[in-house]
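Okay, structure first, notes after.
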2 protein chains.
Amino acid sequence: MSASPVVVEVTRGPLVESRHRGALAIADAKGRIVFALGDTNSPVYPRSAVKALQALPLVEDGGADAFGFTPAEIALACSSHNGEPAHVEAARSMLAKAGRDESDLECGPQPPARDEDRCALRQAGRVPGRIHNNCSGKHAGMLALAVHMGVDPKGYSTADHPVQRRVRQAMQDMTGAALSADRCGIDGCSIPTWAAPLDAWAVAFARVATGEGVGKGRAAALKRIREACLAHPFMVAGSGRFCTQLMERAGPQAFVKTGAEGVFCAAFPETGLGVALKIDDGASRASEALMAATVLACAGLNDSQKAAVVPMANPPVMNRMELRVGELRVAADIRDRIAATMR
Amino acid sequence: MSASPVVVEVTRGPLVESRHRGALAIADAKGRIVFALGDTNSPVYPRSAVKALQALPLVEDGGADAFGFTPAEIALACSSHNGEPAHVEAARSMLAKAGRDESDLECGPQPPARDEDRCALRQAGRVPGRIHNNCSGKHAGMLALAVHMGVDPKGYSTADHPVQRRVRQAMQDMTGAALSADRCGIDGCSIPTWAAPLDAWAVAFARVATGEGVGKGRAAALKRIREACLAHPFMVAGSGRFCTQLMERAGPQAFVKTGAEGVFCAAFPETGLGVALKIDDGASRASEALMAATVLACAGLNDSQKAAVVPMANPPVMNRMELRVGELRVAADIRDRIAATMR
């Protein structure tokens, strides 16, 4: 396998200390790849970056309406959240509306992301539960889908359950890629993660951006999901989190969603583009900087939005004395090549 | 810059999900490079992997004896610790013996690594301090060195202070490399970090392993430092930490020390070899697996020690449901090439 290009450099003093390689695809809704960097044809596990696609059946099949899910709850179904009190409360509300509770969740327990929430649990003599899992909103949505489909929810997280078969079919339709068992892994929260090329994920997100080529009902569902996330960026991630901050700063021109192991997807409604990227080594710091640079170049931001996003593509490395000792930066040639996409 | 080889792969289900590239040098005390992988000639910031070298002046100049530092305290001077109660207590003891206190530390505050210690502070209404910084033992040692040298300790963390000049000279002697200002960064704890090739750091650690070619007094100091760390692996890192566990399992044949951004150094007294490695992208999970594989191949372990270390070179990827969903593994060709060094 040939080496991907260096996309993000981490400096310290006069030297580049670390380097991240990666691949990036940008597509339009016609299925054209308008920019490709590195190997965008090999299968990549999309992990949590495609939660908006995984939530599509819940919305387009009427489950979200049947249970009266709010936009904030739909955003939570697409989230990798911090397990903050507001996230936990929204997940519990979704479960209650679907007539289930957290004992039905099949995601496993996870401590909340923030110290204050973990310590509050500890001080109360409680242990982190499934409801605190960053995927509890997605799982609550999948449980609701099972109830709405009229099938036994038990085992909803396994690949052969009707819920996962429905989710897989929706992702196949959206990507145009075959999602096959020989390219299927198990995600951190135990649902299947189906690998497909970055090219295919980028096309799917161009469709999230535009609703083109997917039929009216699906286009409406995609718009509703996208707008729910953009209206509730806190619900998609949480305090201090990159996805939340990037959407708050970029505004409605950029729906973005991170995934584990350096994956990141985005939909840019203003320019009609979809993005999928993967850092070879799995580092989030690099996927974040590269996504911020892509948003800057391709999402159609205005000048004040751009000014707010610039620091996210080029964050400082700070030390324990609050000294700036280096920086993360997108490699200059890569930044130029992404920018050239829009000319 | 040409790409380093892939040294560690992270699998999930049937696919390799992420890949880490890196470079590795193994040297003997005569200064011969017995194995080199990737670019071992370009400057690398050694970060915390060389704390044993930074502690050398404190021991060889008599400061450790003048203040009555115990072996556990000498190990703490070489540590990147968790800020657990035993670490904090030992750092306070060192400071008291040198007639200083934690307000003299110039490392900046850092929360303890473990939830229980962070929450205990929070519950007591306290904030993390300099004493909890993972480098507080090294800083306490440097403060003690200043007092022992009879110089004003203030500013001991800056490159032109007599303490850092003394430390830099010791590292130049040990590596045989020029440590120059145009290759100097500022570390997380604010002391200078001097970049040198992996080849040079490997030679320095071969000298840590053997004491060859450095004079009697220095050889005795190196032996004392190495044996202090090997006798107190908990003090070098802490509960659940890789360095601690690897030394506990490998026994006296392997002194190992990690550093930020994917650096790892080791000294193997049994085989007389020194090791320095760097993962290009800075990932600790990869530097750890590669170091464990190097210990297995080159440190002269017996069969029971090997059996205990094998899982550290090939750890599972577990998910939130405690399912094994993948693994980290050293690339097969790399493992074979390292093993061939000893034939």
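The values are calculated or read from the model by the stated rules, or taken from the named source; none is laboratory data. What you see is a predicted model; the values in this text were computed from it and never measured. Neighbour counts are summed over all protein chains in view; Cβ atoms, including those assigned to glycine, are modelled from backbone coordinates with ideal geometry. What goes into the accessible areas is simple: the full protein's heavy atoms, side chains included, and nothing from ligands, DNA or RNA. Shrake-Rupley method; radii C 1.70, N 1.55, O 1.52, S 1.80 Å.
Taking A:Ala146 as the residue in question, decide whether it is of a type in the set (A, V, I, L, M) and open to solvent by less than 40 Å² (accessible area, probe 1.4 Å). If you could, list the steps in order and put the result at the bottom.
Details: of a type in the set (A, V, I, L, M): yes; open to solvent by less than 40 Å² (accessible area, probe 1.4 Å): yes.
Yes.
Can you confirm whether B:Gly141 is assigned to a helix (DSSP H, G or I), in contact (Cβ under 8 Å) with a residue 24 or more places away in the chain and small (Gly, Ala, Ser)? Give the steps one after another, and end with the answer.
Numbers: assigned to a helix (DSSP H, G or I): yes; in contact (Cβ under 8 Å) with a residue 24 or more places away in the chain: yes; small (Gly, Ala, Ser): yes.
Judged against the criteria, B:Gly141 is a match.
Quick check on this structure: which one of B:Cys119, B:Cys189 is within 9 Å of chain A (Cβ to nearest Cβ) and in a helix (DSSP H, G or I)? Walk me through it before giving the result.
Values: B:Cys189 fails: in a helix (DSSP H, G or I).
Exactly one of B:Cys119, B:Cys189 is within 9 Å of chain A (Cβ to nearest Cβ) and in a helix (DSSP H, G or I), namely B:Cys119.
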Check: How many of the residues in region A:186-219 are more than 30 Å from B:Glu322 (Cα to Cα), open to solvent by 20 Å² or more (accessible area, probe 1.4 Å) and touching a residue at least 60 places away in the same chain (Cβ under 8 Å)?
Finding: 7
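Quick check, is A:Arg335 outside any helix (DSSP H, G or I), more than 14 Å from chain B (Cβ to nearest Cβ), in contact (Cβ under 8 Å) with a residue 40 or more places away in the chain and open to solvent by 40 Å² or more (accessible area, probe 1.4 Å)? Give the derivation first.
Values: outside any helix (DSSP H, G or I): no; more than 14 Å from chain B (Cβ to nearest Cβ): yes; in contact (Cβ under 8 Å) with a residue 40 or more places away in the chain: yes; open to solvent by 40 Å² or more (accessible area, probe 1.4 Å): yes.
For A:Arg335, the condition - outside any helix (DSSP H, G or I), more than 14 Å from chain B (Cβ to nearest Cβ), in contact (Cβ under 8 Å) with a residue 40 or more places away in the chain and open to solvent by 40 Å² or more (accessible area, probe 1.4 Å) - is not met.
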Next item on the list: Of the conditions (1) farther than 24 Å from B:Arg114 by Cα; (2) more than 14 Å from chain A (Cβ to nearest Cβ); (3) of a type outside the set (Lys, Arg); (4) within 14 Å of the chain's Cα centre (by Cα), B:Leu277 clears all except one; give me its number.
Entry: (2)
Checklist line | Residue, farthest from B:His139 (Cα to Cα), within region B:101-116, restricted to residues that are more than 8 Å from chain A (Cβ to nearest Cβ) and surrounded by 19 or more Cβ atoms within 10 Å (Cβ to Cβ) | finding: B:Ala113
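So, in region B:231-263, exactly how many residues are open to solvent by 10 Å² or more (accessible area, probe 1.4 Å) and within 12 Å of B:Ser79 (Cα to Cα)? Even if it seems obvious, please write down each step before you answer.
Going through region B:231-263, the residues open to solvent by 10 Å² or more (accessible area, probe 1.4 Å) turn out to be B:231-235, B:239-242, B:245, B:248-249, B:251-253, B:258, B:260-261.
Those still in the list that are within 12 Å of B:Ser79 (Cα to Cα) too: B:232-235, B:241, B:258.
Looking only at that region, the number is 6.
Taking the conditions exactly as written (within 14 Å of chain A (Cβ to nearest Cβ), part of a helix (DSSP H, G or I) and of a type outside the set (A, V, I, L, M, F, W, C)), does B:Asp173 satisfy them or not? Show your work before the answer.
Numbers: within 14 Å of chain A (Cβ to nearest Cβ): no; part of a helix (DSSP H, G or I): yes; of a type outside the set (A, V, I, L, M, F, W, C): yes.
In short, no.
Filter region A:23-54 down to residues that are at positive phi and either touching an Asp or Glu at 6+ places or on another chain (Cβ under 8 Å) or within 14 Å of another protein chain (Cβ to nearest Cβ) (or both), then give me how many there are. Reasoning before the result, please.
Taking region A:23-54 and keeping what is at positive phi, we get A:31, A:38, A:47.
From the residues that got through so far, the ones that are either touching an Asp or Glu at 6+ places or on another chain (Cβ under 8 Å) or within 14 Å of another protein chain (Cβ to nearest Cβ) (or both) too are A:38, A:47.
Of the residues in that region, 2 qualify.
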Item checked: The listed residue being free of Cβ contacts under 8 Å to residues at least 12 places away in the same chain and β-branched (Val, Ile, Thr), out of B:Thr258, B:Thr341, B:Thr244 -> B:Thr244
Next item on the list: Name, by its number, the condition in (1) outside any helix (DSSP H, G or I); (2) surrounded by fewer than 22 Cβ atoms within 10 Å (Cβ to Cβ); (3) more than 14 Å from chain A (Cβ to nearest Cβ); (4) in contact with a strand residue (DSSP E or B) (Cβ under 8 Å, 6 or more places away or on another chain) that does not hold for B:Ala266.
Entry: (2)
Check: Just one of the numbered conditions (1) within 20 Å of the chain's Cα centre (by Cα); (2) within 14 Å of another protein chain (Cβ to nearest Cβ) is not true of A:Leu76; which one?
Finding: (2)
Next item on the list: Sort out which residues of region A:39-67 are among the small types (Gly, Ala, Ser), open to solvent by less than 40 Å² (accessible area, probe 1.4 Å) and either over 30 Å from B:Asp281 (Cβ atoms) or more than 20 Å from the chain's Cα centre (by Cα) (or both), and write them in order of number.
Entry: A:Ala55, A:Gly62, A:Gly63, A:Ala64
Checklist line | Yes/no for B:Glu89 being within 18 Å of B:Arg166 (Cα to Cα), open to solvent by 10 Å² or more (accessible area, probe 1.4 Å) and within 22 Å of the chain's Cα centre (by Cα) | finding: no
Notebook entry, point to check: Has region A:174-183 got at least one residue that is open to solvent by 10 Å² or more (accessible area, probe 1.4 Å), more than 21 Å from the chain's Cα centre (by Cα) and within 23 Å of A:Asn134 (Cβ to Cβ)?
Noted result: no
Next item on the list: Answer yes if at least one residue in region B:234-249 is closer than 28 Å to B:Gly13 by Cα, assigned to a loop (DSSP other than H, G, I, E, B) and away from chain A (no Cβ under 14 Å), and no otherwise.
Entry: yes
Notebook entry, point to check: Which residue, of A:Ala202, A:Ala231, A:Ala146, A:Ala220, is in contact with a strand residue (DSSP E or B) (Cβ under 7 Å, 6 or more places away or on another chain), more than 14 Å from chain B (Cβ to nearest Cβ) and of a type in the set (Gly, Ala, Ser)?
Noted result: A:Ala202
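Looking at A:Arg126, A:Arg114, A:Arg100, which one is of a type outside the set (S, T, N, Q) and farther than 22 Å from A:Ala75 by Cβ? Steps first, answer last, please.
Values: A:Arg114 fails: farther than 22 Å from A:Ala75 by Cβ; A:Arg100 fails: farther than 22 Å from A:Ala75 by Cβ.
Within the list A:Arg126, A:Arg114, A:Arg100, the selection yields A:Arg126.
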Margin query: Among the residues that make up region B:316-326, is at least one of them touching a Pro at 6+ places or on another chain (Cβ under 6 Å) and within 12 Å of chain A (Cβ to nearest Cβ)?
Written below: yes
Check: Among the residues of region A:313-330, is there at least one that is part of a helix (DSSP H, G or I), buried (at least 19 other Cβ atoms within 10 Å of the Cβ) and in contact with a helix residue (DSSP H, G or I) (Cβ under 6 Å, 6 or more places away or on another chain)?
Finding: yes
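Restricting to region A:117-138, and then to whatever is open to solvent by 50 Å² or more (accessible area, probe 1.4 Å) and touching a residue at least 12 places away in the same chain (Cβ under 8 Å), can you tell me which residue is farthest from B:Arg114 (Cα to Cα)? Step through it out loud before you land on a result.
Taking region A:117-138 as the starting set, the residues that turn out to be open to solvent by 50 Å² or more (accessible area, probe 1.4 Å) are A:120, A:122-127, A:130.
Going one step further and asking which of them are touching a residue at least 12 places away in the same chain (Cβ under 8 Å), we end up with A:127, A:130.
Working: A:Val127: 15, A:Arg130: 21 Å.
Applying the filter and picking the extreme gives A:Arg130.
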